[in-house]
1. May I ask you to rank TRP10, TRP60 by accessible area, largest first, using a 1.4 Å probe over the protein chains only?
2. Sort 116-125, 38-47, 14-23, 68-77 by the packing proxy (mean of other Cβ within 10 Å over each peptide's residues), most packed first.
3. Report, in degrees rounded to the nearest 10, the 0 to 90 angle that the Cα long axis of helix 55-75 makes with the longest principal axis of the chain.
4. Out of MET137, MET53, MET107, any idea which swings most in a Gaussian network model of the chain, alpha carbons joined below 10 Å?
5. Considering the dipole of the chain built from charges on the beta carbon (Lys and Arg +1, Asp and Glu -1) around the Cα centre, which of LEU90, GLY21, LEU68 is farthest to its positive end?
6. Can you show me the helix-derived [θ] at 222 nm for the chain, built from DSSP H runs with n ≥ 4 at -39,500 (n - 2.57) apiece and divided by the number of residues, rounded to the nearest 500.
7. Can you give the percent of C-alpha pairs in the chain whose distance is more than 29 Å?
8. Give the carbon-plus-sulfur fraction of the accessible surface of the chain in %, rounded to a whole number; probe 1.4 Å, heavy atoms of protein chains only.
Amino acid sequence: MDARDRPPRWPAYALAVLFLGYAAGKAAFAWQGRLGFPGGPAVPDAVREGYFMDAATAQWLAAATGLLAACVAIATVAAPGRRAPRSLMLLVLAGMLLAVGAGAAIMIVDGFIGIGVGWQWHHGVLGIVLIGLLVAMIRSYAEETKHVVG
C-alpha cells in the first residue's frame, strides 16, 4: 500500500492526547478526593457522599481507563498493536465506541438540550468531536488491517 493510499493515522494520535488529558484530569480530582472533571459541571457533595464507591478510588480507576484508552488508540497505528488479532482489536474498539460514545452522547444532549447534568454547549461540541475522532480511528484501523486475517 502506497503512503498516499494509507488511511489517516492522526485521529488515533489526537485521541491518545485527549485520553491522556482525561486521565490527568481524573488523577487531579482523585488526588483531591472529588468527583467530576476539571472544567466540567460541579458534582454536589450529596452526590459524592451517596456514590457507590469512594470518590478517590472511582477517579483513580477512571484515570487508569484513560491511560488504557490512550494505549489502545496508539496500538491502532503502532506495529505491536497491528500484531494483535484483528477481530479482538475490533471488538475492543467497538467496546470503546460504546463506552466513550455513551459519555459523549450525554455531554452532547446536556450541552445542547439540557438534561440537568450541567454540561455546556462547548462540552457538547467536544462530545461530537470525540465521537467523530473515534469513528475515524476505527475506520482507519479497519481499512489498514483489512488484508490481515484474525
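The values are calculated or read from the model by the stated rules, or taken from the named source; none is laboratory data. Not measured: the values here are computed from a predicted model. FYI the Cβ positions are ideal-geometry reconstructions off the backbone, even for glycines, and counts take in every protein chain you see. Note: areas computed on protein heavy atoms with side chains; ligands, DNA, RNA excluded. Shrake-Rupley method; radii C 1.70, N 1.55, O 1.52, S 1.80 Å.
1. Of TRP10, TRP60, the descending order of accessible area is TRP10, TRP60.
2. My ranking of the peptides, most packed first, is 68-77, 14-23, 116-125, 38-47.
3. 20 degrees
4. So, out of MET137, MET53, MET107, the one fluctuating most is MET53.
5. Toward the positive end, the furthest listed residue is LEU90.
6. After summing the helix terms and dividing by the residues of the chain, the value is -23500 deg cm²/dmol.
7. In whole percent, the long-distance tail amounts to 24.
8. After summing per-atom areas, the C and S share lands at 70 percent.
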